[in-house]
C-alpha cells in the first residue's frame, strides 16, 4: 500500500486528477476533423466540450457525500469504471449527438476520480501543507495538457479522432488497477448520517455559509472559467484563423501549458514560506496581466501567433499559482466534510467553465476576441475578489 508523504502517492493522485485534462486536451486537435466527419457545425462540436463540463459539474455533487459515507476507495473505483466504459462509447460514436452524450458520461466518471483525490489530500494534510501537496500534484498533472495535445495531434494524423478515446480508456484502466491494488483507505471516520437530498442540501448550505470558503470558491470559479474559454476557442482560432495544422496547434497548446507547470512548481516552493493568501494574490495578478495583454495585442491588430500564445502562457502561470492554493483554502476548514466540500468546489468551478465555454463557442468567428475578452475579464474578477476578501480568507 502507498503511504502519505511519498512521491508514489502524490504521483498516483496526480494521475487520477489528470484524467480530466487528458479527456479534454488530447482530442482538441481533432475537433475540426470531428466536425467534418460527423457533419457537425463548430458550435455542435464545441458542445462535446460543454457536455463534458456539465457532466463533470453535475457528477461531482454526488461523489463527495458518498465518499464521506462509504469511503474514498470504493467510490473512486466506481468512478473509474464509468470513465472507462464511457470512453468506449465515445470511440464508437456514429453521430455527434451520441458523442455529446458519451462525453457527458465520461465526465461523470472523471468527476468522481478528481473529487475523491482532492478529499484524500484533505484527509492527509492541512493548510499550507495541503496547498503544497496540491501544487506538487499540479506540477505532475501539468504534464497532461502539455503531452496530451501532442499525443492527440499524432493520433489524429495517424489514426483519426477515435484513437484519442481508446488511449484515454487505457489510461483509465491503468489508474483503476493501481487504485484497486495500492491505494489505502484514507477516510478517518465515516459520516453516520443517512444520505438524502435534504441532508446533502443542508451540508452544502453550511459550506456556502462559510465566508472564507465562498471567497476561495469564487476565485476558483473565475480563474478556471478563463482556462476553459481558452480550451473551447483555441482549436478553432489557431487552426482556422491562424492557419495552424492539428499538430501545429498541439505544439502551441503545449507551450501555453508550460505556464501552468511553472506556476504550480513555483507555488510548491513559496507557499510554505509566504502562505496561501499571498501566493493566490501573485497568481491572480498574473491572470489579469495575461488577459489584458492579449486584449491589447488583439486591439492593436497583431496577427502574430505569439500575441496569443505568450499572454495565455502568463495566464496559465497565474492559474498554476492560484488554483491549488485556493483549493486548499476552500477545503481546510472542513476536515469532517472534505468530500462534500470537494464536490461543491468542483460543481461550481465546472459549471462556470461550462457556461463560459458554451458562450465562447457561439461567439467564434473572424477574430481572437472570443478568447481575449474572457481571459481578461476572469483574470480581473479573480484579482478583485482576492483583494476584497483578504480579511475573510485570513
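Where a number appears in this text, it was derived from the coordinates with a stated rule and is not lab data. As the structure is a computational prediction, the values presented were derived from the model and not from experiment. A quick note on method: Cβ atoms are made from the backbone with ideal geometry, for glycine too, and the neighbour counts reach across all protein chains shown.
How do 308-319, 249-260 rank on mean C-beta neighbours within 10 Å, highest first?
On the way: 308-319: 25.7, 249-260: 22.7.
Most protected by this proxy first, the peptides run 308-319, 249-260.
Hey, what's the Cα Rg ratio for region 168-304 versus the globular rule of thumb, 2.2 N^0.38 Å? Could you put the intermediate results ahead of the total?
Numbers: Rg = 20.9 Å, N = 137, 2.2 N^0.38 = 14.3 Å.
In units of the 2.2 N^0.38 Å rule of thumb, it is 1.46.
Among 52, 27, 70, which one shows the highest mean-square fluctuation when the chain is modelled as a Gaussian network with alpha-carbon springs under 10 Å?
70
P(r) for region 7-138, please, calculated from all Cα pair distances in 5 Å bins and given in %.
Distribution as computed: 2, 11, 19, 20, 17, 13, 8, 6, 3, 1 percent.
Taking a ≥ b ≥ c as the square roots of the Cα gyration tensor eigenvalues, with a/c under 1.5 meaning rounded and otherwise prolate when a/b beats b/c, else oblate, which class fits region 254-348?
The shape class here is prolate.
Suppose the chain between residue 205 and residue 36 were pulled fully straight at 0.36 nm per residue; how much longer would it get relative to their current alpha carbon spacing?
Separation in residues times 0.36 nm, less the Cα-Cα distance, equals 56.3 nm.
Set the Förster distance to 45 Å, then compute FRET efficiency between residue 197 and residue 6 from the Cβ-Cβ distance, nearest 0.05.
Here the calculated transfer efficiency is 0.70.
Quick one: what Rg and Dmax do you get for region 225-383 from the alpha carbons, in Å?
16.2, 53
Under a crude label model (7 Å from the Cα following the beta-carbon direction), how far is residue 241 from residue 177 in nanometres?
Rounded to a tenth, the inter-label distance reads 4.4 nm.
What is the gain in length, in nm to one decimal, between residue 367 and residue 302 on full extension, counting 0.36 nm per residue of separation less the C-alpha to C-alpha distance?
Once the chain is fully extended between residue 367 and residue 302, it gains 22.3 nm.
Quick check on region 324-394: take the gyration tensor over C-alpha atoms, sort the square-rooted eigenvalues as a ≥ b ≥ c, and tell me if it's rounded (a/c under 1.5), prolate or oblate.
Oblate is the answer for region 324-394, as a/c is 1.5 or above yet b/c matches or exceeds a/b.
Sort the chain into rounded, prolate or oblate with this rule: let a ≥ b ≥ c be the square roots of the eigenvalues of the Cα gyration tensor; rounded if a/c is under 1.5, and if a/c is not under 1.5, prolate when a/b is larger than b/c, oblate otherwise.
The shape class here is oblate.
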